[in-house]
Amino acid sequence: MMDKDSLSGRLESLDVLRGFDMFFIFLADPVPCIFWTFLAMFGWQDSWLGLQFEHIPGNGLRLYDCIFPLFLFISGVAFPFSYAKQRERGMTAWQSSKRVMARATTLFLLGAMLWTVIDGTLEKNILSMEWNTFRVWSVIGRIGLAWGGAALIYIYAGRKIRIAIAAAILLAMWAVMRFAVAPGAPEGVNPLIERQWSFACWLDVNYLTTARRPEGGLGTITMIANAMLGMFAGDILRGKGVSGGRKTVQLFAYAALLAACGLSMAFAFGDCSLPVNKPMWSSSFALVTAAISSALLAVFYWIVDVKGWRRWGFFFKVIGMNAITVYLLMRTVFNTPFALDYFFGGLYKIMPPLVADFFAQAGLIAIVWSFLLFLYRRNIFLRV
């Protein structure tokens, strides 16, 4: 028997994948991922697997580096479906554009309202008016800007023009990040090796951040391409007259194409290559993470929507249906240091520290998930 999501044409796999992605950042910064805490209980936190739950500081890629771009990719996948529904309801391109701009602005402002910890430094929200510690480029703020830019391109450009624009963004940012240097840089300096002379870092430090440190503000342009790559995947899934199995194959083929382009950009051009680098959000990073995202989407789509195996994903679906709610709750109402002490402070007295951390984090996740289930059962979803 098909459930209501199947009957309505909704892609349940997208909600499950979004929830799966959000689960890895369920807890607020700077608390480690619960998987890392579990490994630490056995002394494996410095193993290869343990390192996957920490961001890599420079070139390369770890599992934790894929979470942010996966969410952005999923946001892109969903837009062709929502835009098609808007057109069916008779909305004009301008009306859809106003909705896109309102959502992008709201996400940016929500991001500006959050406190976070970056490299051990507390960065306060815009209400504090402490500009030397205000974080301009929040996660959801950058998602709002990048998704918004990609959505506007989707509305006003045809498919071939979109492909050309995405390629132009990736190639242009490749050139900027690989060759552009800051004013006053020594002749012949390599901005990838001596990043203080990178034009992107110089622009961030001097003009794009209040904290005066490189945070990848210029990389938000590359993120637009990430969202656009997700929208191309959404178009694949919207294909009419194509079986679910064939769409799955197309998503895997698309992932292989993106991976080939990204890895070629990272390794095949000698000194002109641009490494996979999350901090500056390099073009190769955008392509490789989009490839991983497309492959994951193919797997989840085939399991959930093609084969109809849905029960296992309910836990993640509850999270995915209120993803922004989760992110905001864990960084405001359920601020981790306070919540952990309030609900589970007694555990720290009777258990070894790492064991207590694991069970406290698991308990906090259970509490928040139960609240999300309450919202889900009553069809209450935060739509931004």
Please report the base-10 log of the normalised intensity I(q)/I(0) for region 231-352, using a Debye sum with one equal scatterer per alpha carbon and no solvent, at each q in 0.12 (1/Å).
-> -0.72
For the charge dipole of region 4-305, defined by +1 on Lys and Arg C-beta atoms and -1 on Asp and Glu C-beta atoms about the Cα centroid, which residue among Trp36, Ala157, Ile224 has the Cα displaced farthest towards the positive pole?
-> Ala157
Could you calculate the contour length gain from Ala167 to Ser97, that is, 0.36 nm times the residue separation minus the distance between their Cα atoms, to one decimal place in nm?
-> 22.9 nm
With r as the distance between the Cβ atoms of Phe179 and Ile380 and R0 = 41 Å, compute the FRET efficiency 1/(1 + (r/R0)^6) and round to 0.05.
-> 0.25
At 0.36 nm per residue, minus the direct Cα-Cα distance, what do Ile193 and Ala366 gain on full extension? Give it in nm, one decimal, please.
-> 57.9 nm
Per-peptide average of other Cβ atoms within 10 Å, ordering 51-59, 316-324 highest first | 316-324, 51-59
Cα-Cα pairs in region 4-305 separated by more than 33 Å, as a whole percent of all pairs, come to 25
About the Cα centre of region 4-305, how large is the charge dipole given +1 on each Lys and Arg Cβ and -1 on each Asp and Glu Cβ? Please answer in debye to the nearest 20.
-> 1320
Could you give the size of the charge dipole of region 162-309 about its Cα centre, using +1 on the Cβ of each K and R and -1 on the Cβ of each D and E, expressed in debye and rounded to the nearest 20?
-> 560
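With helices defined as uninterrupted DSSP H runs, which ones in the chain have an alpha carbon span along their own long axis of at least 24 Å and mean Kyte-Doolittle hydropathy of at least -0.5?
On the way: long enough: 67-88 (33 Å, 0.75); 93-112 (28 Å, 0.34); 139-156 (26 Å, 1.42); 159-179 (30 Å, 1.38); 220-237 (26 Å, 1.43); 244-267 (34 Å, 1.01); 283-300 (25 Å, 1.94); 353-377 (36 Å, 1.53).
Span-like helices, by this rule, are 67-88, 93-112, 139-156, 159-179, 220-237, 244-267, 283-300, 353-377.
How large is the helix-only mean residue ellipticity at 222 nm for the chain, computed as the sum of -39500 (n - 2.57) over DSSP H runs with n ≥ 4, divided by its residue count, in deg cm²/dmol to the nearest 500? Display every interim value, and only then the final one.
On the way: 17 runs with 227 residues, N = 384.
That comes out to -19000 deg cm²/dmol.
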Percent RCO, i.e. relative contact order, over the chain, from Cα pairs under 8 Å lying at least 6 residues apart | 25
Between region 223-241 and region 316-344, the alpha-carbon center distance in angstrom = 30
With the dipole of the chain defined by +1 on each Lys or Arg Cβ and -1 on each Asp or Glu Cβ, the option from Ala259, Ala102, Pro353 whose Cα lies farthest towards the positive pole is Ala102
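Rule-based calculations on the coordinates, nothing more; no lab input. Values in this document were obtained by computation on a predicted structure and should not be read as measured data. In this analysis, Cβ positions are derived from the backbone assuming ideal geometry, glycine residues included, and neighbour counts consider all displayed protein chains.
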